[in-house]
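The values are calculated or read from the model by the stated rules, or taken from the named source; none is laboratory data. Being a predicted model, the structure only gives us computed values, none of them experimental. As a convention, Cβ positions derive from the backbone with ideal geometry for all residues, glycine included, and neighbour counts pool all protein chains shown.
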Amino acid sequence: MELTLETPCKINLRLDVGEKLPNGFHKIESVFLALNLTDSLTFKTSPRGGSSPFLCGVHMTEEGFSGFLKEQFKRDLPPPENNLIHRAAVLFAKNADVPFNLDVFVKKRIPSAAGLGGASSNCAAALCAVNELCGKPFKTQDLSDLAAEIGSDAPFFVHALYGWGCESCSPPDGTEDAAPSGAWAYAEGRGELLAPIPPLIKERFWTVLAHPGFSSSTAKAYKMLDDFRLKSGGDLAFKSYPPFLNAGEEGGAVNFFNSFLPVFLSQGEQEERRGYKRMLLKLKEKNPAFYGLSGSGSVCFAVFLNEAGAVNAQKDLLESGFWANIALPWGGKPFNVRKD
């Protein structure tokens, strides 16, 4: 059997980092939005002997990258046993009968270590794909719980692929909308406690993603934030209240900001500070509705309410040597196994 699917990236329209917990993680509040910049994963099964261990091979290509992103991909590629796809498939096999071995072929387009959740998206895809290939032994929430054992962002991508509230992962035949879109979510805890939310941006919009040419280590970013707070006694404000946001049920606007951004703009290596400032300035000059940082970096983004503005911003960023991509909100739907 063979199954191919596209897996989305995400941005954090809001990322409010709270206190550090005894388990080493930080409490967060975040608004996740899945976008249609995707990786492509093909899962191929092969026979497995009844008593032989489950095997999962992961084969990754960088054909979606060029320039510095291609070099970064080659440099940072983890060994197969540490890849989140492999870890997810093995975890699934520990919790359910998997009567086959698996090879996964990945075409990467989502930059890694960039705040876009590419590895977590691949992890969720592996859980969902093996579930489909095994006849759907797990429901969506079961898969989300498994994903949380591997990565804080991974449960969100399970819902991005399968939607919310469906009793089984794939909708019945002919009921295309049985699983509501998982593109938007509010996250708490360390990111694994999720609730679906309606789109917070009313109008049609285009998101420009911009990469400064260097990656960002999540562990290093959190350490920088902790050290900064210890020295300064608080946060620097970098907050915006865009007028196009839907008001909440109580009439309050959602506050879009990112706790890491003021730290990155004032701390760390000089070259990286300059890179962030230069890239953000270019985004700001194009008059977006909102711009900011995704996750713990290094990708920044800008939301435009017209396509021409997004195209103009992308063109300027590319001409200035940055990687830039225009993405739309994720609109993927549940998938079915193809038997070849």
| request: Test each condition in (1) within 30 Å of D145 (Cα to Cα); (2) surrounded by fewer than 19 Cβ atoms within 10 Å (Cβ to Cβ); (3) at pLDDT 90 or above for G191 and report the one that comes out false. | output: (2)
| request: Taking the residues in the range 36-72 that are within 15 Å of D103 (Cβ to Cβ) and hydroxyl-bearing (S, T, Y) as candidates, determine which candidate is surrounded by the most Cβ atoms within 10 Å (Cβ to Cβ). | output: T45
| In the range 114-137, residue surrounded by the fewest Cβ atoms within 10 Å (Cβ to Cβ) [restricted to those that are touching a Ser or Thr at 6+ places or on another chain (Cβ under 9 Å) and assigned to a loop (DSSP other than H, G, I, E, B)] | K136
| query | Limited to the range 90-114, what total is found for residues that are under 30 Å from N325 (Cα atoms) and in contact with a strand residue (DSSP E or B) (Cβ under 7 Å, 6 or more places away or on another chain)? | reply | 10
| field | I28 of a type outside the set (K, R) and either modelled with pLDDT of 95 or more or within 15 Å of A183 (Cα to Cα) (or both) | value | no
| Is it the case that the range 3-24 has a residue that's closer than 23 Å to N83 by Cβ, touching a strand residue (DSSP E or B) at 6+ places or on another chain (Cβ under 8 Å), buried (at least 23 other Cβ atoms within 10 Å of the Cβ) and of a type in the set (S, T, N, Q)? | yes
| message | Pairs please, first residue from the range 219-230 and assigned by TED's automatic domain parsing to the domain that holds K27 and in contact (Cβ under 8 Å) with a residue 40 or more places away in the chain, second anywhere and buried (at least 16 other Cβ atoms within 10 Å of the Cβ) and in a helix (DSSP H, G or I), Cβ atoms under 7 Å, 6+ apart in sequence or on different chains. | response | none
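State whether the residues of the range 73-95 include one that is of a type in the set (D, E), touching a Phe, Trp or Tyr at 6+ places or on another chain (Cβ under 9 Å), over 28 Å from P196 (Cα atoms) and surrounded by fewer than 18 Cβ atoms within 10 Å (Cβ to Cβ).
Step one: list which residues in the range 73-95 are of a type in the set (D, E), which gives 76, 81.
This time we only want the ones that are touching a Phe, Trp or Tyr at 6+ places or on another chain (Cβ under 9 Å), so: none.
No; the residues of the range 73-95 include none that is of a type in the set (D, E), touching a Phe, Trp or Tyr at 6+ places or on another chain (Cβ under 9 Å), over 28 Å from P196 (Cα atoms) and surrounded by fewer than 18 Cβ atoms within 10 Å (Cβ to Cβ).
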| note | Taking the range 263-322 and keeping residues among the aromatic types (F, W, Y) and farther than 29 Å from S232 by Cβ leaves F304, F322
| Scanning for something among the aromatic types (F, W, Y), in contact with an Asp or Glu (Cβ under 9 Å, 6 or more places away or on another chain), modelled with pLDDT of 95 or more and part of a strand (DSSP E or B), does the range 202-209 turn up at least one residue? | yes
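Per-residue answers, yes or no, for (1) in contact with a Lys or Arg (Cβ under 7 Å, 6 or more places away or on another chain); (2) farther than 19 Å from L13 by Cα; (3) modelled with pLDDT of 90 or more; (4) among the aromatic types (F, W, Y):
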position	(1), (2), (3), (4)
F244	yes, no, no, yes
A253	no, no, no, no
E271	no, yes, yes, no
N287	no, no, yes, no
| Test: residue in the range 299-321 that is surrounded by fewer than 15 Cβ atoms within 10 Å (Cβ to Cβ), at pLDDT below 95 and of a type in the set (K, R) | no
| In the set S52, S40, S46, which member is small (G, A, S) and under 30 Å from K202 (Cα atoms)? | S40
| said: Of everything in the range 139-157, what is out of contact with any Asp or Glu (no Cβ under 9 Å at 6 or more places or on another chain) and either assigned to a loop (DSSP other than H, G, I, E, B) or under 24 Å from T45 (Cβ atoms) (or both)? Give them in sequence order. | reply: D142, L143, L146, E149, I150, F157
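Being small (G, A, S) and at pLDDT below 85 is the filter here, so list the residues in the range 31-70 that pass it. Even if it seems obvious, please write down each step before you answer.
Going through the range 31-70, the residues small (G, A, S) turn out to be 34, 40, 46, 49-52, 57, 64, 66-67.
Those that are small (G, A, S) and at pLDDT below 85: G49, G50, S51, G64, S66, G67.
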